[in-house]
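*Asks:* Dropping the structure in here first, questions after.
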Amino acid sequence: MDDLSSRRRRFRRRLLSSKGEEDYLSNLPDELLTHILSFLPTLDSIRTSVLARRWRHVWTSVPVIDFSYLQLKSTMIKRFFASRGDKSASRLRLSGLSNFDLGIKYICPSFNCDFDCESCMSRDILVCTMVDYAKSHDARHVTLLRLFFQYLSDCFYDQLFDWPSLESLDLEVVGCKNGTLFNFSKSVISLRLSNLKTLSLSLGQNGIHDESLAKLLSACPVLEELTLSAKYFRAAHRPIRIEAPNLLRLTLIPTPSKLQINCQKLEYLMLKPEVNLTHLRVEAPSLISVRLYNIWRFGTFAQTLCDVTTAAITLSDKCLSDSTPRFLEKYKAVVQGFPIFHKLLELRIKMYVAEKFSLDIVFDLLRCTPNLQSLVLTECEKRPCDDEDFDEWEKNFSSRINEPLEHLERVSVNIKSERIRSAFLNTLSDRVPAWDRVAVTC
């Protein structure tokens with residue numbers, strides 16, 4: 001068969017050559033063609049079979065399966081399985097109800113559908129079928145986006161979370177299922193994810209119990225990256241616990257009000273609380289990079305960040321620009337209470353700069369970073385400001401930087417107002433001994 005295929009390719013090349021043409025793409029080996037097709041949605045990959053006899057069966061060896069949720073039909077899936085046979089699949093990607101992103105209910109062909117119609121239920125069954133096929137054909141990477149799991153039973157979760165060979169899982173859920181989606185603590189679902197390194201769970205308005213989260217993390221002994229977006233259900237006196245011995249990157253948006261992190265190898269941490277953090281404890285001696293939002297909510301957490309080398313901080317939110325002077329003074333007091341970060345080399349700040357107190361806070365932060373090498377200041381979107389607001393700031397500003405910034409090498413300032421930008425750079429230049437050596441971009 002291989003000899004026949006080779007002869008056909010040679011014949012086609014001679015034929016095209018005699019016409020002064022050359023089909024370089026078709027002349028590529030099958031391994032390279034399947035790699036190229038793996039970047040296409042599966043239906044587009046299948047459509048290449050009509051290009052020529054050479055392409056007729058190339059798509060069946062593509063290791064990536066990528067369907068839209070709305071494309072799933074039983075007859076099509078059966079033909080798809082029959083054509084692929086026993087060929088392995090390395091990755092499964094199903095993308096679902098994109099109109100949920102706009103807050104619009106999914107409209108199915110049955111009209112007035114409240115996800116109770118036979119069409120919706122059959123499609124969810126096909127999702128299970130596709131996941132089972134990928135699992136049985138050695139898929140190691142699974143992405144399920146914007147899926148409405150109204151009718152999926154525990155067997156689906158047993159299917160998905162009992163997958164020892166799985167290396168990455170990205171699951172995004174839309175819609176609610178009795179207010180809670182994941183509750184493994186009292187179920188008989190077997191959790192085995194012994195090779196999972198990357199886990200992203202976006203549960204929308206659904207939640208996860210603290211015991212279920214602990215059980216899930218314990219089933220992932222080699223987990224290196226965790227991104228979690230959910231509501232949290234816990235006992236009133238207990239914090240949400242994140243314990244993973246090999247975790248390197250952790251993102252919690254939103255961040256639960258009570259949180260305890262114990263990750264000895266953690267290097268990157270991103271936290272964005274929607275409410276005040278009433279309890280936050282972090283045991284992460286290897287932490288070198290943090291990204292924090294609304295830092296006034298973090299209280300004494302900054303005291304634990306002395307070994308961090310890179311920090312990205314959002315200094316304010318929309319409500320801050322309209323807050324009372326008493327609140328703003330409290331905000332500034334939090335920043336002024338920060339320790340000295342001797343190891344911090346890169347600082348990224350995103351904030352509203354159209355208030356007189358804004359640049360005070362920036363320089364309060366710079367007081368804490370004597371060895372800083374790179375500074376990036378970005379302006380948040382906001383109503384146009386009056387540059388004259390900075391007249392008083394320029395006259396009365398007294399820098400709180402006790403030591404000069406001797407190691408600063410790079411400064412990037414993204415501020416629309418030329419007046420404010422110049423005021424910041426001029427004040428900063430007075431604190432940098434070798435300002436002529438600093439690379440400044442605006």
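*Asks:* Can you confirm whether Lys177 is modelled with pLDDT under 90 and charged (D, E, K, R)? Steps first, answer last, please.
*Replies:* Values: modelled with pLDDT under 90: yes; charged (D, E, K, R): yes.
Taking the combined requirement at face value, the residue satisfies it.
*Asks:* Within region 406-421, identify whether any single residue is under 23 Å from His342 (Cα atoms) and either loosely packed, with under 14 Cβ neighbours inside 10 Å or more than 31 Å from the chain's Cα centre (by Cα) (or both), and answer yes or no.
*Replies:* For region 406-421, residues under 23 Å from His342 (Cα atoms) and either loosely packed, with under 14 Cβ neighbours inside 10 Å or more than 31 Å from the chain's Cα centre (by Cα) (or both): present.
*Asks:* Kindly evaluate Ser83 against the criterion of being crowded, with 19+ Cβ neighbours inside 10 Å and hydroxyl-bearing (Ser, Thr, Tyr). Steps first, answer last, please.
*Replies:* Working: crowded, with 19+ Cβ neighbours inside 10 Å: no; hydroxyl-bearing (Ser, Thr, Tyr): yes.
No: the conditions fail for Ser83.
*Asks:* One residue is enough: does region 350-360 have a residue meeting the conditions modelled with pLDDT of 80 or more and outside any helix (DSSP H, G or I)?
*Replies:* Restricting attention to region 350-360, the residues satisfying the condition of being modelled with pLDDT of 80 or more are 350-351.
Next cut, outside any helix (DSSP H, G or I) only: 350-351.
Within region 350-360, one or more residues are modelled with pLDDT of 80 or more and outside any helix (DSSP H, G or I).
*Asks:* Just give me the residues in region 263-281 being at pLDDT 90 or above and touching a strand residue (DSSP E or B) at 6+ places or on another chain (Cβ under 8 Å), in sequence order.
*Replies:* Quick first cut of region 263-281, residues at pLDDT 90 or above only: 263-271.
Across region 263-281, the qualifying residues are Cys263, Gln264, Leu266, Glu267, Tyr268, Leu269, Met270, Leu271.
*Asks:* Any idea which of Lys197, Lys215 is modelled with pLDDT of 80 or more, under 21 Å from Leu269 (Cα atoms) and basic (Lys, Arg)? Don't jump to the end; show me each part of the working.
*Replies:* Values: Lys215 fails: under 21 Å from Leu269 (Cα atoms).
Exactly one residue qualifies, and that residue is Lys197.
*Asks:* Let me ask you something else. How many of the residues in region 230-261 are surrounded by fewer than 20 Cβ atoms within 10 Å (Cβ to Cβ) and under 20 Å from Ser289 (Cα atoms)?
*Replies:* 9
*Asks:* Quick check on my filter: what residues within region 46-75 are among the small types (Gly, Ala, Ser) and either part of a loop (DSSP other than H, G, I, E, B) or under 23 Å from Val131 (Cα atoms) (or both)? It would help to see each step written out before you state the result.
*Replies:* Of region 46-75, the ones among the small types (Gly, Ala, Ser) are 49, 52, 61, 68, 74.
Answer for region 46-75, where residues must be among the small types (Gly, Ala, Ser) and either part of a loop (DSSP other than H, G, I, E, B) or under 23 Å from Val131 (Cα atoms) (or both): Ala52, Ser61, Ser68, Ser74.
*Asks:* So which of Leu247, Leu280, Leu266, Leu287 is part of a strand (DSSP E or B), among the hydrophobic types (A, V, I, L, M, F, W, C) and touching a Leu at 6+ places or on another chain (Cβ under 7 Å)? Quick ask: steps written out before the conclusion?
*Replies:* Numbers: Leu247 fails: part of a strand (DSSP E or B); Leu266 fails: part of a strand (DSSP E or B); Leu287 fails: part of a strand (DSSP E or B).
When all the criteria are applied, what remains is Leu280.
*Asks:* In region 339-349, what count of residues is obtained for those that are of a type in the set (D, E, K, R) and part of a loop (DSSP other than H, G, I, E, B)? Before you say what the answer is, go through the steps one by one.
*Replies:* Within region 339-349, the subset of a type in the set (D, E, K, R) is 343, 346, 348.
With part of a loop (DSSP other than H, G, I, E, B) added as a condition, the list becomes 343.
Going through region 339-349 one residue at a time, the tally reaches 1.
The values are calculated or read from the model by the stated rules, or taken from the named source; none is laboratory data. Since we're looking at a predicted model, the values are computed, not measured. Virtual Cβ from ideal backbone geometry, glycine too; neighbours counted across all protein chains shown.
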